[in-house]
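The values are calculated or read from the model by the stated rules, or taken from the named source; none is laboratory data. Quick caveat: nothing in here was measured; it's all calculated off a predicted structure. Here Cβ is always computed from backbone atoms with ideal geometry, including for glycine, and neighbour counts include all displayed protein chains. Protein only, heavy atoms only, side chains kept; ligands, DNA and RNA dropped before computing areas. Shrake-Rupley method; radii C 1.70, N 1.55, O 1.52, S 1.80 Å.
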Amino acid sequence: MKVIMRIASTILMMAYAVIANAQQGELVVDTMYYDATDLEAQANIEYDNNKQPYALIKIEIPLDGVQVEQNATVGKTVHKTGELWAYVTADPDYGATDIVLQHSEFHALRVSFVEWGLDELKGKCVYRIRVSVPSAVVAQANRFYEKLRFGDAQEMYDDIVNNASSSEFDRNFARKRLALLPQLMVANENATLYAKRYIKAAQTGEANKNYVICTLDSAAYWYNRLYQLSSIGAAKTLADKFGKLLSEKRQTKVLEGTVSIMYKHENVWVKRKQQKISGVTLEDHYGDSDAVRTKIQFDTDEQGNFSLEFNGGYDDTLVFHYTDGVKKYKSNEIKHSGDAKLLVVLKED
């Protein structure tokens, strides 16, 4: 249990660190459209590997150092003053459906064509994408947003909408975010609720396996839901972390049983009165070998009963040890098979 708690705490600390350190800005698409007046793609035709003419996307963006993510649908890219040209495949069967812009100081921006009413691109045609860089106040609001601090983000977006000095672009962007925030806040509240329940269960060790699995499943679901609604990287990281914990938890088994202590009195084995036993050690051996897979230390209840999570195989050999500070006790080798409760007898070693 202590090992599981340490793993859980480490993973959660790493995941929440992702939120705390989310500092990259965000680029925003103003528009994408087919430009029927631009004949560049017809005057200078470029072809893909299948000898089909490319479509040309002209990206207007007020930044240097922007790159297009390379994949099978992207041909050559050309940097122009204030623009980036990208030649992309336009075949209806294997053509591009989106394009991803990358910059070292901003999150990757994925532009889905269908979201702009373009079900497919056509060869020898020119399309335009205009990308904006938000103002400093919008950038700060976006940082709160990326860190899942939706209450703070909501206040700033409200201020942007109501501030007469805000640009029209900033107002429109803030309005879109405000319309989405109620759903995100509900998803985040649910995800946080189940995350906290899991952390409490891991810390106390009092919850049974089914409860922990349900809690992890709910946390992973709501963080996935949050990511689906927002595409926030921190939500995806947390969804993956809780999903990994869930997978690991489902693979664990539960060992249950009762520990009794026997001591010799006048050459006769006598069972000690049943009571709580603290510091029993379980050694899990690979099969019949002496190699130890893992060691688990645990306490029993007042009747000597125990229940603990176990990652070993069902064919492993179990040996229990205990010392009361004076005498050492050890069980016989026990073959663990199935979910039957164990009767562990510790005798003076």
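Brief remarks follow.
- Set of aspartates and glutamates near Lys80 by C-alpha distance (under 19 Å), chain-local residues within fewer than 8 positions excluded: Asp35, Asp38, Glu40, Glu46, Glu60, Asp64, Glu69
- Within the chain, DSSP assigns beta bridges of which about 80% are antiparallel (rounded to the nearest 5).
- Of the GluC sites (Glu not before Pro) found in segment 82-117, those in coil by DSSP whose Cβ has at most 14 other Cβ atoms within 10 Å are Glu105.
- Taking all Cα pairs closer than 8 Å and separated by 6 or more residues, the relative contact order of the chain comes to 14 percent.
- Restriction of the chymotrypsin sites (Phe, Trp or Tyr not before Pro) in segment 219-311 to DSSP coil positions whose beta-carbon has at most 16 other beta-carbons within 10 angstrom yields Tyr286.
- For segment 137-184, fraction of C-alpha pairs farther apart than 15 Å, in %: 31
- In plain terms, the bigger the Kirkwood radius, the slower the diffusion; for segment 57-151, with that radius from Cα pairs, at 10 °C and 1.306 mPa s, Stokes-Einstein puts D at 108 µm²/s.
- Every pair of different Cα atoms in segment 49-109 enters the Kirkwood calculation, which places the hydrodynamic radius at 12.2 Å.
- Relative frequency of Cα-Cα separations exceeding 29 Å in segment 201-349, percent: 33
- Those chymotrypsin sites (Phe, Trp or Tyr not before Pro) in segment 93-201 that DSSP places in a loop and that have at most 15 other beta carbons within 10 Å: Tyr94
- For segment 205-273: span of alpha carbons on each principal axis (Å, largest first): 74, 15, 15
- Cα-derived Rg over Rh, computed across segment 70-212 with Rh taken as Kirkwood radius: 1.11
- Calculated FRET value between Asn305 and Glu248, using beta carbons and R₀ = 22 Å, to 0.05: 0.30
- Within the accessible area of the chain, the carbon and sulfur atoms contribute 48%, probe 1.4 Å, all protein chains present.
- As an equivalent ellipsoid, segment 198-240 spans semi-axes of 24, 10, 5 angstrom, where each value is the square root of five times an eigenvalue of the C-alpha gyration tensor, largest first.
- Label-to-label distance, Asp38 versus Asp93, with points set 7 angstrom from Cα along the beta-carbon direction: 2.9 nm.
- Accessible surface computed residue by residue for the chain, with neighbouring protein chains in place and a 1.4 Å probe, gives 55 Å² per residue.
- Evaluating kT/(6 pi eta Rh) at 25 °C and 0.890 mPa s, with the Kirkwood radius of segment 99-180 over Cα pairs in the Stokes-Einstein relation, gives 168 µm² s⁻¹.
- Using a cutoff of 8 angstrom between alpha carbon atoms and counting only pairs six or more residues apart, the relative contact order for segment 204-349 works out to 23 percent.
- Gain on full stretching of the segment that runs from His79 to Arg130 - 0.36 nm per residue minus C-alpha separation: 16.9 nm
- For Lys147, the lysines whose Cα falls under 17 Å of its own Cα, not counting residues fewer than eight places away in the same chain, are Lys236, Lys241.
- Extension gain, Asn332 back to Arg175 (0.36 nm per residue minus Cα-Cα distance, nm): 49.5 nm
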